[in-house]
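S.K.: Supplied in structure tokens, the structure appears directly below.
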Amino acid sequence: MIAKNQVFEIEITGQTHEGLGVGRVDGMAVFVQGAIAGEKVVAKIIKVLKNYAVARIESFIEKSPDRTEPFCPVYKRCGGCNLQHMTYERTLQFKRQVVIDNLERIGGLEGIHVEPVIGMETPRRYRNKAQYPVGMGDNGPIAGFFAPRSHEIIQTEECGIQHPTSDLAKNTVLEFIRANRIPVYDELTHKGLIRHVVVKVGFATGEVMVILVSTSSIIPKKDKLVSLLKERIPGLASIVVNVNDKTGNVILGSKNITLYGKDTIEDKLGDLFFEISPLSFYQINPEQTLVLYNKAVEYAGLTGKETVFDLYCGIGTISLFAAGKAKKVIGVESVPEAVEAARRNAERNRINHAEFYCGNAEDVVPELYRQGMKADVVIVDPPRKGCDEVLLKTLIEMAPQRIVYVSCNPSTLARDMKVLHGSGYEPQKVQPVDMFPWTNHVECVVLITRL
């Protein structure tokens with residue numbers, strides 16, 4: 001019988017899709033934090049449940065040649081990255097195997113070929129958006145990132161995957177909070193003002209937006225804050241207070257008040273400009289976003305004669321990439337602000353053959369189909385929960401020649417591909433892209449064609 005605090009020698013035979021090492025003790029599965037398949041470790045049991053246990057490495061008997069020293073000083077405590085103990089090449093191999101496992105086990109696609117993951121040449125400082133929770137530490141206000149599966153804030157001066165300007169902006173706001181005794185939010189009492197500092201950076205344009213998430217629209221001594229940020233932050237184009245007075249874990253509220261500069265900032269992807277608001281979704285890794293979108297358009301096989309549906313289109317990024325090679329593009333998005341931004345982005349880029357509809361894809365697409373509108377090519381880029389069943393059923397009835405599936409979750413991708421595969425569609429190409437280096441997350445672009 002395994003008990004907490006016991007110490008065992010454990011041979012690591014595999015890894016979970018979250019990156020935990022897997023071994024067995026007395027027939028029970030033990031998940032070992034920070035272990036790599038092929039290693040042999042001495043580990044201490046820290047949690048025992050009915051069917052498995054969780055352990056922490058005490059020492060190594062045999063180390064993997066793919067083990068490396070994390071570049072982040074708080075890696076073991078922070079919940080942001082979970083693969084920094086592996087070489088970058090090994091993380092790419094790991095992610096490819098995650099995609100294969102999901103497609104085979106959930107999708108029933110035995111022997112499917114998955115291309116090697118397209119990684120980054122320099123997988124550092126790649127994020128254009130940072131969200132720093134703010135709270136009280138032992139010696140006053142702190143800001144950083146949450147510990148894994150916790151709301152304990154791990155204070156960081158800088159983060160190796162964030163843009164340097166994001167760190168500078170966070171540290172500047174924290175300095176202002178401390179110097180002016182601005183009350184920070186307490187999750188337990190629901191008192192205090194500042195909850196998060198969110199920073200968005202246009203990598204191509206250099207424009208920066210700093211967002212203070214607060215329980216109130218009134219920020220004491222706000223003029224001091226504006227002056228300090230203007231003095232310190234190169235490219236500062238917007239300072240916004242986002243009001244969130246609700247309890248719970250949702251970071252942003254719906255109300256925005258601009259303290260300085262513009263209501264939005266702008267960034268450029270390829271030859272296209274995009275407007276970024278406090279609430280809009282925009283891919284966080286611009287370098288890999290170009291790779292992802294170019295691959296999606298390549299798989300779409302456009303000749304200039306096609307009508308393309310871009311579903312879950314957000315602010316119209318993929319739509320406008322596809323518009324350069326399509327006869328017509330129809331984007332569908334459920335967030336009204338994103339739809340308005342997509343229309344403005346089309347106008348900004350002088351694209352007049354892209355239309356955007358607001359609503360859930362599973363509601364809008366069946367209605368468009370009933371009205372006689374059909375797509376030659378459909379691009380879907382759903383959230384982590386994947387595509388709705390009603391939408392998939394409509395696409396199968398509509399029978400476009402090609403479906404390009406852009407996925408941020410291999411398990412729901414596999415589930416949806418199983419539905420399509422059983423209804424006359426065949427996956428032709430699967431290309432993973434490393435959008436989030438040093439984490440277990442992986443994006444995929446899949447070309448699916450009608451038989």
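The values are calculated or read from the model by the stated rules, or taken from the named source; none is laboratory data. Since we're looking at a predicted model, the values are computed, not measured. Quick reminder, even Gly has a Cβ in these numbers, built from the backbone with ideal geometry, and neighbours come from all protein chains shown.
S.K.: Considering Glu58, Glu18, Glu11, Glu39, which residue is in contact with a strand residue (DSSP E or B) (Cβ under 7 Å, 6 or more places away or on another chain), in contact (Cβ under 8 Å) with a residue 40 or more places away in the chain and not β-branched (Val, Ile, Thr)?
M.R.: On the way: Glu18 fails: in contact with a strand residue (DSSP E or B) (Cβ under 7 Å, 6 or more places away or on another chain); Glu11 fails: in contact (Cβ under 8 Å) with a residue 40 or more places away in the chain; Glu39 fails: in contact (Cβ under 8 Å) with a residue 40 or more places away in the chain.
The match here is Glu58.
S.K.: Identify all residues within the range 164-181 that are touching a Cys at 6+ places or on another chain (Cβ under 8 Å) and not acidic (Asp, Glu); write none if there are none.
M.R.: At the first step, the residues of the range 164-181 found to be touching a Cys at 6+ places or on another chain (Cβ under 8 Å) are 166-167.
Within the range 164-181, just Ser166 meets the criteria.
S.K.: Could you say which residue among Pro116, Pro148 is farther than 30 Å from Lys418 by Cβ and surrounded by fewer than 17 Cβ atoms within 10 Å (Cβ to Cβ)?
M.R.: Values: Pro116 fails: farther than 30 Å from Lys418 by Cβ.
So the residue among Pro116, Pro148 that is farther than 30 Å from Lys418 by Cβ and surrounded by fewer than 17 Cβ atoms within 10 Å (Cβ to Cβ) is Pro148.
S.K.: Let me ask something else about it. When you go through Ser411, Ser423, Ser334 one by one, which is the residue that is among the hydroxyl-bearing types (Ser, Thr, Tyr), touching a strand residue (DSSP E or B) at 6+ places or on another chain (Cβ under 9 Å) and at negative phi?
M.R.: Values: Ser411 fails: touching a strand residue (DSSP E or B) at 6+ places or on another chain (Cβ under 9 Å); Ser423 fails: touching a strand residue (DSSP E or B) at 6+ places or on another chain (Cβ under 9 Å).
Step by step, each of Ser411, Ser423, Ser334 is checked, and only Ser334 is among the hydroxyl-bearing types (Ser, Thr, Tyr), touching a strand residue (DSSP E or B) at 6+ places or on another chain (Cβ under 9 Å) and at negative phi.
S.K.: Would you say Gln33 is touching a residue at least 40 places away in the same chain (Cβ under 8 Å), closer than 30 Å to Pro133 by Cβ and of a type in the set (S, T, N, Q)?
M.R.: Working: touching a residue at least 40 places away in the same chain (Cβ under 8 Å): no; closer than 30 Å to Pro133 by Cβ: yes; of a type in the set (S, T, N, Q): yes.
No; evaluated as a whole, the condition is false for this residue.
S.K.: For the range 207-230, give me each residue that is surrounded by fewer than 18 Cβ atoms within 10 Å (Cβ to Cβ) and either in contact with a helix residue (DSSP H, G or I) (Cβ under 9 Å, 6 or more places away or on another chain) or outside the structural domain of Ile153 (by TED's automatic domain parsing) (or both).
M.R.: Passing the criteria: Lys221, Lys224, Leu228.
S.K.: Okay, next question. Quick one: which residue in Gly248, Gly304, Gly270, Gly261 is in contact with a strand residue (DSSP E or B) (Cβ under 9 Å, 6 or more places away or on another chain) and either surrounded by fewer than 21 Cβ atoms within 10 Å (Cβ to Cβ) or not assigned by TED's automatic domain parsing to the domain that holds Pro383 (or both)? So that I can check it myself, show each step before the final result.
M.R.: Numbers: Gly248 fails: in contact with a strand residue (DSSP E or B) (Cβ under 9 Å, 6 or more places away or on another chain); Gly304 fails: in contact with a strand residue (DSSP E or B) (Cβ under 9 Å, 6 or more places away or on another chain); Gly270 fails: in contact with a strand residue (DSSP E or B) (Cβ under 9 Å, 6 or more places away or on another chain).
Of the residues listed, the single one that is in contact with a strand residue (DSSP E or B) (Cβ under 9 Å, 6 or more places away or on another chain) and either surrounded by fewer than 21 Cβ atoms within 10 Å (Cβ to Cβ) or not assigned by TED's automatic domain parsing to the domain that holds Pro383 (or both) is Gly261.
S.K.: Out of the residues in the range 421-443 meeting the condition of being farther than 18 Å from Tyr299 by Cβ and polar (S, T, N, Q), tell me which one is farthest from the chain's Cα centre (by Cα).
M.R.: Here the residue is Ser423.
S.K.: Give the range 403-449 a look and list any residue that's farther than 26 Å from Glu287 by Cβ and charged (D, E, K, R), or say none.
M.R.: Those that are farther than 26 Å from Glu287 by Cβ and charged (D, E, K, R): Arg415, Asp416, Lys418, Glu426.
S.K.: Spot the failing condition for Asn352; the list is (1) more than 30 Å from Asp267 (Cβ to Cβ); (2) out of contact with any strand residue (DSSP E or B) (no Cβ under 9 Å at 6 or more places or on another chain); (3) not basic (Lys, Arg), and only one is missed.
M.R.: Exception for Asn352: condition (1).
S.K.: Can you tell which of Arg384, Arg343, Arg415, Arg350 is in a loop (DSSP other than H, G, I, E, B), more than 27 Å from Ile161 (Cα to Cα) and of a type in the set (D, E, K, R)?
M.R.: Numbers: Arg384 fails: more than 27 Å from Ile161 (Cα to Cα); Arg343 fails: in a loop (DSSP other than H, G, I, E, B); Arg415 fails: in a loop (DSSP other than H, G, I, E, B).
Residue meeting the stated conditions: Arg350.
S.K.: Applying the selection to the range 59-107, what residues are part of a strand (DSSP E or B) and small (Gly, Ala, Ser)? I'd like the intermediate steps shown before the answer.
M.R.: First, pick out the residues of the range 59-107 that are part of a strand (DSSP E or B): 59-62, 67, 86.
Of everything in the range 59-107, just one residue is part of a strand (DSSP E or B) and small (Gly, Ala, Ser), namely Ser59.
S.K.: Go through Phe273, Phe281 for me and flag whichever is touching a Gly at 6+ places or on another chain (Cβ under 6 Å) and either closer than 24 Å to Asp434 by Cα or not in a loop (DSSP other than H, G, I, E, B) (or both).
M.R.: Values: Phe273 fails: touching a Gly at 6+ places or on another chain (Cβ under 6 Å).
It is Phe281.
S.K.: Across the range 395-411, which residue is surrounded by the most Cβ atoms within 10 Å (Cβ to Cβ) among those that are farther than 21 Å from Phe436 by Cβ and out of contact with any Phe, Trp or Tyr (no Cβ under 6 Å at 6 or more places or on another chain)? Before the answer, list the steps.
M.R.: Looking only at the range 395-411, we keep the residues that are farther than 21 Å from Phe436 by Cβ, and these are 395-403.
In the following step, the residues that additionally are out of contact with any Phe, Trp or Tyr (no Cβ under 6 Å at 6 or more places or on another chain) were identified as 395-397, 399-403.
Numbers: Leu395: 27, Ile396: 17, Glu397: 11, Ala399: 12, Pro400: 22, Gln401: 12, Arg402: 21, Ile403: 29.
Among those that are farther than 21 Å from Phe436 by Cβ and out of contact with any Phe, Trp or Tyr (no Cβ under 6 Å at 6 or more places or on another chain), it is Ile403.
S.K.: I'm told Ile239 meets every condition in (1) surrounded by fewer than 21 Cβ atoms within 10 Å (Cβ to Cβ); (2) without any contact (Cβ under 8 Å) to a residue 60 or more places away in the chain except one. Can you identify the failing condition by its number?
M.R.: Every condition holds for Ile239 apart from (1).
S.K.: Shifting gears a bit: Which one is surrounded by the most Cβ atoms within 10 Å (Cβ to Cβ), of the residues in the range 167-206 that are closer than 16 Å to Val226 by Cα and β-branched (Val, Ile, Thr)?
M.R.: Val173
S.K.: Could I ask something else about it? Inside the range 385-394, can you point out the residues that are surrounded by fewer than 18 Cβ atoms within 10 Å (Cβ to Cβ) and among the aliphatic types (A, V, I, L, M)?
M.R.: Once the filter is applied, which keeps residues that are surrounded by fewer than 18 Cβ atoms within 10 Å (Cβ to Cβ) and among the aliphatic types (A, V, I, L, M), the range 385-394 yields only Val390.
S.K.: Going residue by residue through the range 341-362, is there one that turns out to be among the basic types (Lys, Arg), in contact with a helix residue (DSSP H, G or I) (Cβ under 8 Å, 6 or more places away or on another chain) and modelled with pLDDT of 95 or more? Please lay out each step first, then the result.
M.R.: Pass one, the range 341-362, residues among the basic types (Lys, Arg): 343-344, 348, 350.
With the extra rule that they be in contact with a helix residue (DSSP H, G or I) (Cβ under 8 Å, 6 or more places away or on another chain), the set shrinks to none.
Among the residues of the range 341-362, not one is among the basic types (Lys, Arg), in contact with a helix residue (DSSP H, G or I) (Cβ under 8 Å, 6 or more places away or on another chain) and modelled with pLDDT of 95 or more, which makes the answer no.
S.K.: Please find, within the range 418-442, the residue that is surrounded by the fewest Cβ atoms within 10 Å (Cβ to Cβ) out of those that are of a type outside the set (Asp, Glu) and in a strand (DSSP E or B).
M.R.: Here is the first cut: in the range 418-442, the residues of a type outside the set (Asp, Glu) are 418-425, 427-433, 435-442.
Going one step further and asking which of them are in a strand (DSSP E or B), we end up with 425, 427-433.
Details: Tyr425: 20, Pro427: 21, Gln428: 12, Lys429: 16, Val430: 24, Gln431: 21, Pro432: 25, Val433: 24.
Filtering the range 418-442 for residues that are of a type outside the set (Asp, Glu) and in a strand (DSSP E or B), the one surrounded by the fewest Cβ atoms within 10 Å (Cβ to Cβ) comes out as Gln428.
S.K.: Then there is this: Looking at Val329, is it outside any helix (DSSP H, G or I), over 23 Å from the mean Cα position of the chain (by Cα) and surrounded by 18 or more Cβ atoms within 10 Å (Cβ to Cβ)? Full working, then the answer.
M.R.: Numbers: outside any helix (DSSP H, G or I): yes; over 23 Å from the mean Cα position of the chain (by Cα): yes; surrounded by 18 or more Cβ atoms within 10 Å (Cβ to Cβ): yes.
For Val329, the condition - outside any helix (DSSP H, G or I), over 23 Å from the mean Cα position of the chain (by Cα) and surrounded by 18 or more Cβ atoms within 10 Å (Cβ to Cβ) - is met.
S.K.: What are the residues in the range 119-157 that are touching a Lys or Arg at 6+ places or on another chain (Cβ under 8 Å) and hydrophobic (A, V, I, L, M, F, W, C), if any?
M.R.: Taking the range 119-157 as the starting set, the residues that turn out to be touching a Lys or Arg at 6+ places or on another chain (Cβ under 8 Å) are 128-130, 132-134, 140-141, 143, 147, 154.
Scanning the range 119-157 gives Ala130, Val134, Ala143, Ala147, Ile154.
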